[in-house]
1. Just tell me, in residue order, which DSSP H segments of the chain are both 20 angstrom or longer along the helix axis (alpha-carbon based) and at least 0.0 in mean Kyte-Doolittle hydropathy.
2. Students often check this: by mean Cβ neighbours within 10 Å, which of 199-212, 43-56, 143-156 ranks highest, and how do the rest follow?
3. What percent do you get for the relative contact order of the stretch 57-266 when only Cα pairs under 8 Å and 6+ apart count?
4. For a test of the definition: using alpha carbon positions, the gyration tensor, and the 1.5 limit on a/c, classify the chain as rounded, prolate or oblate.
5. For the chain, modelled as a Gaussian network with Cα springs under 10 Å, which listed residue fluctuates most, Met103, Met178, Met245?
6. Rounded, prolate or oblate: which fits the stretch 195-272, taking a ≥ b ≥ c as square roots of the Cα gyration tensor eigenvalues, rounded meaning a/c under 1.5, else prolate when a/b beats b/c?
7. In terms of Cα to Cα distance under 15 Å, which aspartates and glutamates are near enough to Lys253, apart from those fewer than 8 places away along the same chain?
8. Among the listed pairs Lys215/Lys263; Lys22/Lys143; Lys67/Lys267; Lys15/Lys109; Lys127/Lys180, which are separated by more than 26 Å between their Cα atoms?
Amino acid sequence: MDYFIMLEEVLLTNKPKDKINKFNSFYKMFLNNELTFNNNHKAYDLIEPSYATFLDIVKPMELPKIKNFNTIEGKKYLVHTILHIEYSAIDLALDAALRFKNMPIEYYKDWLEVADDEIRHFLMLEKLLAEIGGEYGDFAVHKNLFEAMQDTPDFLRRMAAVPRFLEANGLDQNPKIMLKLNSNMDAFNSKLLDVLAVILEEEVDHVLKGDRWYKYECDRLNLDYDSTYLEIIEDVFPGSTKRKMDLNFEARKKAGFSCDVLKVLSKKEDCK
């Protein structure tokens with residue numbers, strides 16, 4: 001069986017349970033070296049996200065403005081929001097492992113590992129949501145992560161913009177959510193904190209994988225890591241290098257970011 005054909009079928013499957021089951025079968029074959037690689041395969045055109053058939057997609061400004069996470073409705077919305085990020089991240093990892101050809105086998109191994117992690121995160125959050133009577137699809141969602149995937153069909157921009165920008169932003173936001181949950185501790189928040197702690201630890205590795213392959217391509221093209229990165233993210237996300245970002249310096253350093261880039265993004269004179 002061909003790696004790319006099978007993986008594309010997994011990615012385009014539109015129901016979470018079916019997608020996960022197909023991925024597990026595919027991943028087992030990959031780990032057992034049972035797949036061939038036809039590098040002439042052309043990946044599908046990015047037209048709409050795989051979840052478009054079962055989720056209500058709206059613009060980000062049209063999403064509910066729920067800020068009180070102490071109520072059941074607030075808890076449902078918070079978990080649902082993170083759940084959608086994780087489901088979107090599954091597709092992002094699968095697309096990265098599908099779209100780019102003639103890469104070292106370690107590259108495909110890395111992004112399938114990321115997909116496997118994101119699936120596990122999704123399932124943990126889905127279970128928590130079910131505990132309070134919710135399910136995926138209860139709230140409208142946006143497709144910002146899919147649009148970032150559409151905007152980065154080339155390898156260097158993808159590695160810069162998705163793992164090294166969007167996923168890295170998660171390293172900054174996760175601790176803030178955890179801090180808010182800690183200030184209103186109850187049994188459910190305790191369970192959610194445990195899941196978020198797992199996600200934070202593993203997302204550092206995901207960003208680091210993106211960092212590795214971003215630098216791999218920069219080396220191949222003889223490009224400077226930092227200036228190229230800043231140019232790309234400003235192009236893909238206009239204004240991103242101009243605003244002051246509140247960064248998780250410790251996590252970002254572990255994930256491969258240089259002090260020079262951290263100072264530019266945070267508008268600080270040091271990166272401590």
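1. Numbers: long enough: 16-31 (22 Å, -0.70); 72-99 (40 Å, 0.40); 105-131 (40 Å, -0.24); 168-182 (22 Å, -0.51); 187-221 (51 Å, -0.20).
Membrane-span-like by this criterion, though nothing is claimed about a membrane: 72-99.
2. Peptide ranking by packing, descending: 199-212, 143-156, 43-56.
3. 21 percent
4. oblate
5. Comparing Met103, Met178, Met245 in a Gaussian network model of the chain, the most mobile one is Met103.
6. Numbers: a/c = 1.70, a/b = 1.13, b/c = 1.50.
In terms of gyration-tensor shape, oblate.
7. Glu167, Asp172, Glu201, Glu202, Glu203, Asp205, Asp211, Asp226, Asp270
8. Those over the limit are Lys67/Lys267.
Read-outs: derived from the displayed coordinates by stated rules, not from any lab. Remember, predicted model here, so these are calculated numbers, not experimental data. No Cβ is skipped: glycine too gets one built from the backbone with ideal geometry, and neighbour counts run over all protein chains shown.
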